[in-house]
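Each remark here refers to the structure printed beneath this line.
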Amino acid sequence: GKVERLDNFPSKYIDARNVDVWLPDGYSTKEKYAVLYMHDGQMLFDPSITWNKQSWNVDEVAGKLQAEGKTKKFIVVGVWNNGEKRHPEYFPQKPFEHLTTVENDTVTRQLQKSGRIKEAFHPYSDLYLKFLVKELKPFIDKTFSTHKDKNNTFIAGSSMGGLISMYALCEYPKVFGGA
């Protein structure tokens with residue numbers, strides 16, 4: 001397959017960021033494809049741009065699964081994280097807002113201690129999800145040959161990316177069919 005980079009994809013909800021779209025071998029506008037949205041997009045395909053010089057090799061795995069007929073045909077949309085803002089964008093906002101003051105302070109201290117945040121912690125994952133659902137998904141569906149329904153729209157990630165994926169599924173059950 002091949003990866004197409006959308007540089008600095010703009011948003012009215014969050015900071016602009018790169019988005020990589022992987023298209024499988026034989027991608028054709030005459031066919032429709034399911035879509036897998038993945039967080040931490042810079043980690044998915046190219047080890048030369050990752051912090052640890054390793055990638056998840058999503059292109060290789062997805063290509064192999066499709067070539068062997070083990071999955072339906074799909075494309076991958078890799079949404080880059082925004083470095084220091086990764087935790088505020090990926091931490092489920094509504095549950096955080098329902099924590100007690102002590103629980104809130106504990107989460108904040110742990111994130112500060114780990115160096116992931118420097119000041120008070122205020123997640124804004126609801127805005128990140130609005131970006132995905134109201135801006136990025138419509139663009140992808142207009143630009144690429146996709147099935148637009150929830151049965152063909154999935155979201156995935158690892159660690160905090162997994163947490164925001166589950167939150168996305170809960171917040172937008174009519175958009176995402178699985179996480």
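The values are calculated or read from the model by the stated rules, or taken from the named source; none is laboratory data. Remember, predicted model here, so these are calculated numbers, not experimental data. Quick reminder, even Gly has a Cβ in these numbers, built from the backbone with ideal geometry, and neighbours come from all protein chains shown. In case anyone asks, the SASA skips ligands and DNA or RNA and just uses the protein heavy atoms, side chains included. Shrake-Rupley method; radii C 1.70, N 1.55, O 1.52, S 1.80 Å.
In the structure displayed, which of Lys94/Lys174; Lys73/Lys137; Lys94/Lys137; Lys53/Lys142; Lys30/Lys85 lie more than 29 Å apart, Cα to Cα? Spell out each step's value before the answer.
On the way: Lys94/Lys174 18 Å; Lys73/Lys137 18 Å; Lys94/Lys137 22 Å; Lys53/Lys142 33 Å; Lys30/Lys85 39 Å.
Among Lys94/Lys174; Lys73/Lys137; Lys94/Lys137; Lys53/Lys142; Lys30/Lys85, the Cα-Cα distance tops 29 Å for Lys53/Lys142; Lys30/Lys85.
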* Straight distance only, please: which aspartates and glutamates reach the Cα of Lys118 with their own Cα at less than 17 Å, same-chain residues fewer than 8 apart left out? => Glu84, Glu89, Asp105
* Asked: Which angle from 0 to 90°, rounded to the nearest 10, does the C-alpha axis of helix 58-67 make with the longest principal axis of the chain?
  -> 40 degrees
* Structure fact -> Among Gln66, Val102, Trp51, the residue whose Cα sits farthest towards the positive end of the charge dipole of the chain, when +1 is placed on the Cβ of each Lys and Arg and -1 on the Cβ of each Asp and Glu, is Gln66
* To do: Could you tally the net charge around Cys170, taking each other residue with its Cβ under 15 Å from the Cβ of Cys170, Lys/Arg +1 and Asp/Glu -1?
  => +1
* Structure fact -> From highest to lowest solvent-accessible area (probe 1.4 Å; ligands, DNA and RNA excluded), Trp22, Trp80, Trp56, Trp51 read Trp51, Trp56, Trp80, Trp22
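Restricting everything to alpha-carbon atoms, can you work out Rg to Rh for the stretch 95-156 with a Kirkwood hydrodynamic radius?
Values: Rg = 17.1 Å, Rh = 14.4 Å.
Value, to two decimals: 1.18.
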* Net length gained if the chain between Gln54 and Thr106 were fully extended (0.36 nm per residue, minus Cα distance) -> 15.5 nm
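At a threshold of 8 angstrom on Cα-Cα distance, excluding pairs fewer than six apart, so keeping six or more, what relative contact order does the chain reach in percent?
Details: 292 pairs, mean separation 45.0, N = 179.
Relative contact order here is 25 percent.
Leaving ligands, DNA and RNA out of it, report the carbon-plus-sulfur percent of the accessible area of the stretch 100-179 at a 1.4 Å probe.
56 percent
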* To do: Would you mind getting the accessible area per residue of the stretch 62-127, heavy atoms of the protein chains only, 1.4 Å probe, in Å²?
  => 60 Å²
* Asked: Among Leu127, Leu169, Leu99, which one shows the biggest mean-square fluctuation in a GNM of the chain, springs joining Cα atoms closer than 10 Å?
  -> Leu99
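Nothing charged except the Cβ atoms of Lys and Arg (+1) and of Asp and Glu (-1): what's the magnitude of the dipole of the stretch 1-141 about its Cα centre? Round to the nearest 20 debye. Can you show the working numbers first?
Details: 21 positive and 20 negative charges, 32 e Å.
Approximately 160 debye in magnitude.
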* Quick one: if you take sqrt(5λ) for each eigenvalue of the C-alpha gyration tensor of the chain, what semi-axes come out, biggest first, whole angstrom? -> 30, 18, 14
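Apply the Kirkwood formula to the stretch 80-126: the hydrodynamic radius equals the inverse of the mean of 1/r over all pairs of different alpha-carbon atoms; give it in Å with one decimal.
Working: mean 1/r = 0.0925 Å⁻¹.
Result for the stretch 80-126, one decimal place: 10.8 Å.
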* To do: Determine how large the accessible area of Arg109 is when every protein chain is in place; take a 1.4 Å probe and give Å² rounded to the nearest 10.
  => 140 Å²
